[in-house]
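Structure first, then comments.
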Amino acid sequence: MLTREDMKTDQKPYEIDQQLYQRFPVTNQAFAIVSTRDMGEPSYLGFLEKMHQNLGIRMERGDTGFSREENARDLGANALNLILGSYGFPNHQFLQWKSLIVPEPLTKNPVKSSPQELTAMVKKTAKLYGADLTGIASLDQKWIYSKDMEKPFILTDEGEPEEKEDGFYIPKTMNRAIVMAFLMDESKISQSPELEASVTTSFGYSRMGITAVSLAEYIRALGYRAIPCMNDTALSIPLAVDAGLGQLGRHGLLITPEYGSNVRLAKVLTDMPITVDQPVDFGVTEFCENCYLCADDCPSAAISSKEQTLDCKQVTGNSGVKKWYIEGEKCLTFWQLNGASCANCIAVCPFTYGFESMQCFECKGCAERDRGCILQNNTQYKVKNGYLHQSRWAERGEVLSPRRGGF
Ligand code: SF4
Ligand code: SF4
């Protein structure tokens, strides 16, 4: 079986057209586009109103998977998310860019430890605070949003991270992103698009908030600066790819070797001099090229069945990175009709259930191709990427253990 060490690559596992790529504004995120469409003015969470109306109708009607009890479980799971950071707004609620409780003598007095020691301390503490995987990336400025709902993010040569009247200021010395993945409950995700899947998503957000806020305070208490982020401030998925947590899948989500896409992501930006992790390549792109499960099972037809492209046709995507672009507006419109968020693309992805499921997963692609199942034919590919032990003629190939240890 391939270890994480074997998966490491010097190359970024994506292609980018530097001329075409522009930093992305939050106002173009699908959440903002659908909210603004519905509410008539710029907003981020306005799309929830229609979703909650339909949730009420479904509960009233007694639809399976939309009971009062399931809704209560979702609300309980979401409570700390809404208290700490509400999915992520910069310098808001508990996601403050300055210390919450650490006194100034500590924040101004950095500990003198080696980068390796600091890195080990941060990873150990992130794990203790609840992160299931932690990776560190050099903060690529192109992944920082160009603007939030109103103000731009401005990179400065000096100063403190702070929000001013005219923008959010981030010093360029804050050049590290600690990216953390939080495992969601597989059995709940597999009930998507019912409310139980939303329960584990909501709880994932609550855990993200607790860990990001706590880790930022820990870093400040060691004398360095820290910006805790949930979905805000910078794009989580490319940072996670750079930090070696996984690769991007056809469904537009991160796929980790350990848990597939069944994770939520948070990050802390810092100037602590910690060492970066290498990206990994464990064959996700090639696998997705031959697997259409998420595209076939998406109730809104938002996932591309075509080739990867550099050119995104929707405002909700950002051209310049070669990938499969999602039609985010279609996706969220389904959430609204459904009365709850959807995670079908996570639920059907073979990586969610580990490498055992890399055998036939009934995508029906073989019926449409005259060469049969590409994955089943391509034994060498599966051996190379650690899904299968090579077997001699007439022996049955052994499928490898689904879970790896992580960082
Ligand atoms: S969340 Fe649901 S609707 Fe959205 S892309 Fe995934 S499968 Fe499609
Ligand atoms: S379901 Fe298949 S195509 Fe979609 S992300 Fe997972 S492996 Fe890739």
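The values are calculated or read from the model by the stated rules, or taken from the named source; none is laboratory data. The structure presented is a predicted model; accordingly, all values stated were derived computationally and were not measured. Cβ coordinates were reconstructed from backbone atoms using ideal geometry, including for glycine residues, and neighbour counts include every protein chain displayed. Accessible surface is based on the protein model in full, side chains and every heavy atom, while ligands, DNA and RNA are left aside. Shrake-Rupley method; radii C 1.70, N 1.55, O 1.52, S 1.80 Å.
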Item to check | Residue ID - most open to solvent (accessible area, probe 1.4 Å), chosen from residues in region 25-52 that are within 23 Å of L235 (Cα to Cα) and outside any helix (DSSP H, G or I) | outcome: P42
Next on the checklist: Suppose the filter is closer than 15 Å to T270 by Cβ, in contact with a helix residue (DSSP H, G or I) (Cβ under 7 Å, 6 or more places away or on another chain) and open to solvent by less than 10 Å² (accessible area, probe 1.4 Å); does A177 pass it?
Outcome noted: yes
Item to check | From A266, A302, residue being among the small types (G, A, S) and away from ligand 1 (no atom under 14 Å from the Cβ) | outcome: A266
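Does T352 satisfy being assigned to a helix (DSSP H, G or I), more than 9 Å from ligand 1 (Cβ to nearest atom) and of a type in the set (S, T, Y)?
On the way: assigned to a helix (DSSP H, G or I): yes; more than 9 Å from ligand 1 (Cβ to nearest atom): yes; of a type in the set (S, T, Y): yes.
It is true that T352 is assigned to a helix (DSSP H, G or I), more than 9 Å from ligand 1 (Cβ to nearest atom) and of a type in the set (S, T, Y).
Per-residue answers, yes or no, for (1) modelled with pLDDT under 95; (2) charged (D, E, K, R); (3) over 22 Å from the mean Cα position of the chain (by Cα):
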position: M39; (1), (2), (3): yes, no, yes
position: H52; (1), (2), (3): no, no, yes
position: L55; (1), (2), (3): no, no, yes
position: N71; (1), (2), (3): no, no, yes
position: S99; (1), (2), (3): no, no, yes
position: P115; (1), (2), (3): no, no, yes
position: A137; (1), (2), (3): no, no, no
position: Y145; (1), (2), (3): no, no, no
Item to check | Set D281, D277, D297: member being open to solvent by 20 Å² or more (accessible area, probe 1.4 Å), within 30 Å of S187 (Cα to Cα) and touching a strand residue (DSSP E or B) at 6+ places or on another chain (Cβ under 8 Å) | outcome: D281
Next on the checklist: With the condition being aromatic (F, W, Y), I'd like the helices (runs of 4 or more DSSP H) fully within region 157-262 carrying at least 2 qualifying residues.
Outcome noted: 195-221
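State whether one or more residues within region 215-230 are closer than 28 Å to D297 by Cα and either away from ligand 2 (no atom under 16 Å from the Cβ) or open to solvent by less than 10 Å² (accessible area, probe 1.4 Å) (or both). Lay out the reasoning, then the answer.
Looking only at region 215-230, we keep the residues that are closer than 28 Å to D297 by Cα, and these are 230.
Right, trim to either away from ligand 2 (no atom under 16 Å from the Cβ) or open to solvent by less than 10 Å² (accessible area, probe 1.4 Å) (or both) and you get 230.
Looking for residues that are closer than 28 Å to D297 by Cα and either away from ligand 2 (no atom under 16 Å from the Cβ) or open to solvent by less than 10 Å² (accessible area, probe 1.4 Å) (or both), one finds at least one in region 215-230, hence yes.
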Checklist entry - When you look at E15, is it closer than 22 Å to L248 by Cβ, charged (D, E, K, R) and open to solvent by 50 Å² or more (accessible area, probe 1.4 Å), yes or no? => result yes
